[in-house]
Amino acid sequence: MNNSETGKRRSRAYVEIMDTTLRDGEQTPGVAFTPHEKLQIAKALMLRVKVDRMEIGSARVSEGEKIGVRNILLWAEKHGMLDRMEILGFIDGGKSVRWIHEVGGKVVNLLAKGSEKHCRIQLRSTPEAHYRKVADEILLAKSLGLAVNVYLEDWSNGSRDDFGYVYNFLRLLKDLQVERIMLPDTLGILAPDEVRCYLDWVLTTVPDMKVDFHGHNDYGMVTANSIAAVKAGVSGIHTTINGLGERTGNQPLPALTVAVHDMTDRKIRVAEKQLLYVSSLVQTLSGKRCAWNTPVVGADVFTQTCGVHADGDKKGDLYANKLLPERFSRNRVYALGKLSGKASLEKNLEEVGIELDDEQRKRVLAEIVRLGDKKKQVTAADLPFVIGSILNQPISGKVQVIDYQIETRCGVTPRAEVEVNYENELIRASAHGDGGYDAFVKALRKALKNVGKSFPKLRDYEVRIPPGGKTDALVETRITWERENDRPLITVGVDSDQLAAAIQATEKMLNLVLS
């Protein structure tokens, strides 16, 4: 490829995103989406996140897969997106191609062998015989009106071992005029310099064809490799939500989006403010939680713990980079613990609207550090209660749970009775629920409804005990509440009884939202 061709390819403004959460992501151990869940994820990715293309399943896997794929295709057709839905097919004598045609698909991603080792050992075939079979599948697909993309599986090893094999395959695919060539680093073995080198070879061989890079994260290099591919001039990158995929997974969409936007001259059409939404959706449906420090979507990635950092932010955003939380519909949090300083405390006092003099702040900060030494993190929601305890000025909230009785029994729907003090008025109510805490919440809602009060929806419920804790260990229950037009509220309760801890957290929430 001459310099002008290289520059033209690398200056293309947009990088296409082909998300494969519903295909490669479903190869994550323990993950299997129902047809309804697949449609939910497809709608979120296409309408809210605005990815360019999706790989929605594999041919000939199961009856459930067929139903899920067909549902998405019917929906996509109504929204003019049918040509953006892709299905993995195999070199199997036309069976996959016909399956895709029968379910209403318009694009097949054929899985071929991108390394001679795979060709000879797994298929027990010569390269020439494999090329002929691939050509036959492509011609059949085209005769049925399908657009054809081709994966060169194990392309990374194929390029390392013998690029001659890859070169001959690329020339064949060019002559057959496939839509895209898709290059997987199947085992996640490459480093960025190799990605650039091997892609230069490919783009020199087929300068006018669309080329996608499909990275895996075995060495933790996937985002660096994807950025190398973007800079090399590929047309598209393959992603999954939350990095789902076999072993260490695939390229996570959020990390790629911000890296392309902030570290290259190219752009992605993804809506950044929707990344947290789709990440949370896929976490719920897959049962696979993101790590707390996952870039962009992790629970703690916008939390400052060190007091020095809070002080620097207060004086001039000295510890902020381009990844501002507001960019992703999130907010900066300043954690309170043993490393906290005055600036961290001030940030949290501002949030809860409490003013203290210098002496009071010093005493409260000393208690926060003491609790931090015991591995207790104080949230903004905990702060009023810490202050009340330290300053001998108990904060008597508007709502106090005076008494409760919760009955659970095998084969009987749980029932709860509560007695609540609301602004010095005693209110009693009872209710049934799906579990003890659900019955308690329903009774509490009924009690407060009588005085015209309600409270937010429960968004997340986490229970934690110390590692190796015994049955009588303290339990920390952390509940996230969803409020309309406001940031989520997190409250924490601590008790040796899990249900009592949840009730503590609920009472804290009520005194904050009804104050």
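Remarks
- Compactness index (Cα Rg / 2.2 N^0.38 Å), the range 140-210: 1.14
- Each 10 Å bin from 0 upward holds the following percent of the Cα-Cα pairs of the range 165-268: 16, 48, 31, 6.
- 222 nm mean residue ellipticity, helices alone, for the chain (DSSP H n ≥ 4; -39,500 (n - 2.57); rounded to 500): -12000 deg cm²/dmol
- Projected-area average for the range 8-110 over all orientations - Cα convex hull basis, square nanometres: 7.7
- Heavy atoms of the protein chains alone define the surface here; on that basis the chain has 48 Å² accessible area per residue at 1.4 Å probe size.
- Inter-part distance, the range 158-194 to the range 404-433, computed on C-alpha centroids, equals 65 Å.
- Dipole-positive endmost among 64, 158, 141 within the chain (Cβ charges, Cα centre): 141
- For the chain, the relative contact order works out to 10 percent when only alpha carbon pairs closer than 8 Å and six or more residues apart are counted.
- Cα radius of gyration and Dmax for the range 57-104 (Å): 10.5, 32
- At q = 0.15, 0.21 Å⁻¹, base-10 log of I(q)/I(0) for the range 104-229 (Debye sum, equal scatterers on each alpha carbon): -0.66, -1.22
- Residues 509, 263, sorted by accessible area with the largest first, give 263, 509 [1.4 Å probe; ligands and nucleic acids excluded].
- Across q = 0.13 Å⁻¹, the chain modelled as identical point scatterers on its alpha-carbon atoms has Debye log10 I(q)/I(0) values of -1.19, in the order of the q list.
- Share, in percent, of DSSP beta bridges within the chain that are antiparallel, nearest 5: 50
- Note: relative contact order over the range 92-149, using C-alpha pairs below 8 Å and six or more positions apart, is 50 percent.
- Mean sequence separation of contacting Cα pairs (under 8 Å, at least six apart), scaled by the length of the range 1-132, corresponds to a relative contact order of 19 percent.
- A probe of 1.4 angstrom, applied to the heavy atoms of all protein chains, finds residue 120 with accessible area near 120 square angstrom.
- Cα centre as origin, Lys/Arg/Asp/Glu Cβ charges: the range 93-165 dipole, Debye: 180
- Check: the range 139-220 dipole with +1 on Lys, Arg Cβ and -1 on Asp, Glu Cβ, in debye: 380
- nm² value of the averaged projected area, convex hull over the Cα atoms of the range 202-258: 4.0
- Charges were assigned to the Cβ only: +1 to each Lys and Arg, -1 to each Asp and Glu. The resulting dipole of the range 224-278 about its Cα centre is roughly 100 debye.
The values are calculated or read from the model by the stated rules, or taken from the named source; none is laboratory data. Fair warning: this is a prediction, and the values are worked out from it, not measured in the lab. FYI the Cβ positions are ideal-geometry reconstructions off the backbone, even for glycines, and counts take in every protein chain you see. To get the accessible areas, we keep the full protein, side chains included, count just its heavy atoms, and leave off ligands, DNA and RNA. Shrake-Rupley method; radii C 1.70, N 1.55, O 1.52, S 1.80 Å.
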